[in-house]
Structures are given as C-alpha cells and as structure tokens.
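Have a look at the structure below, then the notes.
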Amino acid sequence: MLLCAIQSVIDDAKAYFWWYHAFVLLFTVIVLFNINNRSLTFNKAIGWLLALGAILFITFRPPVWQVFGDVNNYIQFFENSRLRSFDWEAKDLGFEWSMHFFNRWDYWIWFLFYAILYVVPQLFISQKLLPKHSAICFVMLVGCFNFFGYGFNGMRNGAACALVMLGMFDRRLLVKLLLFIVALSIHKSVIIPICAYILATRVDKTQLYFIIWVICLLAALFLSNLVNYLIDVSSFIEDDRVNYLTSTFDSLENNAGVLFSRKGFRWDFALVSSVPIILGFITVVKDKIRNERYSILLNTYILANTLWLFTARIPFNNRFAYLSWFLAPLLLTITVLINPRLRTSNNLLLLILVNAILTLLI
C-alpha cells in the first residue's frame, strides 16, 4: 500500500513535468506561426504570459526528488533556517538572507521569489535587446533544454546567472555592479561568467578567443582533468561542486550510489557548446559584422565555455557548462537576427524547432 502511494505521488509529479513542457510547447507553436510578427503588443503579450506561466510552474512544483531533484533539499534548508539564527559566515550570504527573510511564511513564497528572480530578468533582456523579436528570444530562453533544470532543481545557480545576464546589458555601472554582487551572494560560481565578461569588455579579440577555445578543446581531449593541474578552482569558488574536480564516476557510484548514463568526455556537450561559437565566429570574423553588445556576449560565452572544457570528463560537469550555456539561447537568437546571411524566416523556424526538440530529448 505504501509503495503504491509513493508511486502515485511520483506519477503525479511526472504528469506535472509533462504539463509544464506542454505549456512551453504551446507558446513555441504560437511563436512559430507568428514568426514574422513584429508587433510590440504581440511580443510583449506573449512574453509576459509565458513568464507568468513559467513562474507559476516553478513555484508550485511538487516536492518529489525523483522528478524535481534538489527540491526537497531546498525545502529542508528553508525549514532548518527557522531553527537557527542568521549565519554571517555562510558561503552565500544572499541565499542565507533570503531564507531568513521568507521563513516567516510558507516555503512556496520563497520559491516564488526565486522563480521571479530567474524568469523576469530574462524577459527584460529579451524585450530590451530585441523588442520586435522578444517573443522569439524569450521562447528560445524558456524553451532551452537547461531552463527547466535551473529553474526547478538548481534554482540558486539559475537565479544568479539570470542576474548576471541582466547586469551584462545594463549600461549603468552602479546597477551593473549591484546585480553582480547580488548574484555572487546567491551563488559564488558566477564569478566565472562575471570575470569572462570583464575580460571581454576590455579585450575585443573574438578570433583570439576562438583559437584559445579550439586549443583548449584539443587539450581537454588528450589531457584528462587538466584543470586540476592548471588552476585551483576552489581558491575562488567557495562551492561544493569543486569537489567534483577530484571525484571520479566510479567513486561516486560506489560511495554515493549515484548512477551515470554517460561517462568520459562529453562529446554531446562539446557539440552543443560549439554551435553558438562557430556561428558567432562566422558572423564576427568572416562576415565582419560589428555590434559591440553582441561581440561582448559572444566573447563572454567563449571564455566561460573554455573553462568548462577542462571539466568535460568529470562527474556533473553540466553544472560547470551551465555557467556559459545560460547565454547560448540569447546568443544564437541575436546571431541569426543580426547576420543578413542567416536572417531568414526558415532559419528562425529551424532555430526554434531544434531548440524545442533538444529540450524534449535531453
């Protein structure tokens, strides 16, 4: 009887999962059938409706770890914060503050806060950078294969990266710094894209970054876990994920009972990572299209993704990859729209379709 009850809960959570994907797919289809609609009213309406739905789905996700990963851990952190005082020595003070501020209410209010922090900045960026194509851009972001995981399971990382993205495109220095500081206080791993962004704003050398990325890709293929020898990441990322750098798939399977569907160098991740870089290289270097914001975005992505290459053989390396991947849908959308060679309705349709198919398959 108990096993039947547990299975019923899991099945309900799986149904919730598929309802979420059906919701996103609905908006994807709407955008596909209105691919050339540049009405500001249409684009804003689609964006806000999709954002509202995504926020509600994220907020009210069932606390079932078999489907929604770390959701129970977050709830446990939240409930424990009621029993202790504020920890000024916490590694992520912003995250610590959020728990203590919201623990006077139910945990779903806290989830709502992080859902808004995750979704709304990405909507603002879509509407600010591409007002006449914001529906396409936002559907690309929400429909991306990693949007679900970092809205539901990795909500700290997702919210922090969304704030970094927003800070990258705000021209006000004080606001930019404030957004970066808040993002770091939630999840310190975002120091990687922040540093990549700072370097990209100082050195506009897309061709050089591309060459470095290719060299590092080859090094990652032939020198396993090179990052362990080149840099002590734990010295500037105070995060438990740095333990993965010295872990192996076998040790985690034997000691922690974790099962992995794939081991070794992640060719699929490398392929996914390479698409925005190759198209960006063609746009900036070959076609010589100059756009300051786009160049900074592309260079930031290349630099952040370069670090991931050295972790491509370790367990859970997707958590490092996300520190560049969160920029990929935005980067791909802008690439197609600003490059006359790529900017066709068919290419936009193909981009959105491939994005949706990858989300359903991965």
*Pairs, please: C-beta under 9 Å, at least 6 apart or cross-chain, first residue more than 14 Å from D268 (Cα to Cα) and in the stretch 304-326, second of a type in the set (D, E, K, R) and not in a helix (DSSP H, G or I)?*
P315/K263
*May I ask you to list the residues in the stretch 70-106 that are touching a residue at least 24 places away in the same chain (Cβ under 8 Å), surrounded by 13 or more Cβ atoms within 10 Å (Cβ to Cβ) and assigned to a helix (DSSP H, G or I)?*
V71, Y74, I75, F78, L93, G94, F95, W97, S98, F102
*Only one residue in L309, L298 is outside the structural domain of C144 (by TED's automatic domain parsing) and at pLDDT below 90. Which one?*
L309
*asked:* Anything in the stretch 128-155 that is in contact (Cβ under 8 Å) with a residue 60 or more places away in the chain, part of a helix (DSSP H, G or I) and either surrounded by fewer than 21 Cβ atoms within 10 Å (Cβ to Cβ) or not assigned by TED's automatic domain parsing to the domain that holds Y20 (or both)? List them, or say none.
replied: L129, P131, K132, G149
*Looking at this structure, is L337 of a type outside the set (S, T, N, Q), surrounded by fewer than 21 Cβ atoms within 10 Å (Cβ to Cβ), modelled with pLDDT of 90 or more and in contact with a Leu (Cβ under 7 Å, 6 or more places away or on another chain)?*
yes
*asked:* Going by what's in this entry, would M165 be described as part of a helix (DSSP H, G or I), under 23 Å from R61 (Cβ atoms), aliphatic (A, V, I, L, M) and within 20 Å of the chain's Cα centre (by Cα)?
replied: yes
*Take the stretch 39-59 and flag every residue that is of a type in the set (A, V, I, L, M) and more than 17 Å from the chain's Cα centre (by Cα).*
L40, A45, I46, L49, L50, L52, L56
*Tell me, yes or no, whether the stretch 232-243 has at least one residue that is assigned to a loop (DSSP other than H, G, I, E, B), at pLDDT below 90, among the hydroxyl-bearing types (S, T, Y) and over 29 Å from I289 (Cβ atoms).*
no
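The values are calculated or read from the model by the stated rules, or taken from the named source; none is laboratory data. Everything numeric here is computed off the predicted structure, so don't read it as measured data. In this analysis, Cβ positions are derived from the backbone assuming ideal geometry, glycine residues included, and neighbour counts consider all displayed protein chains.
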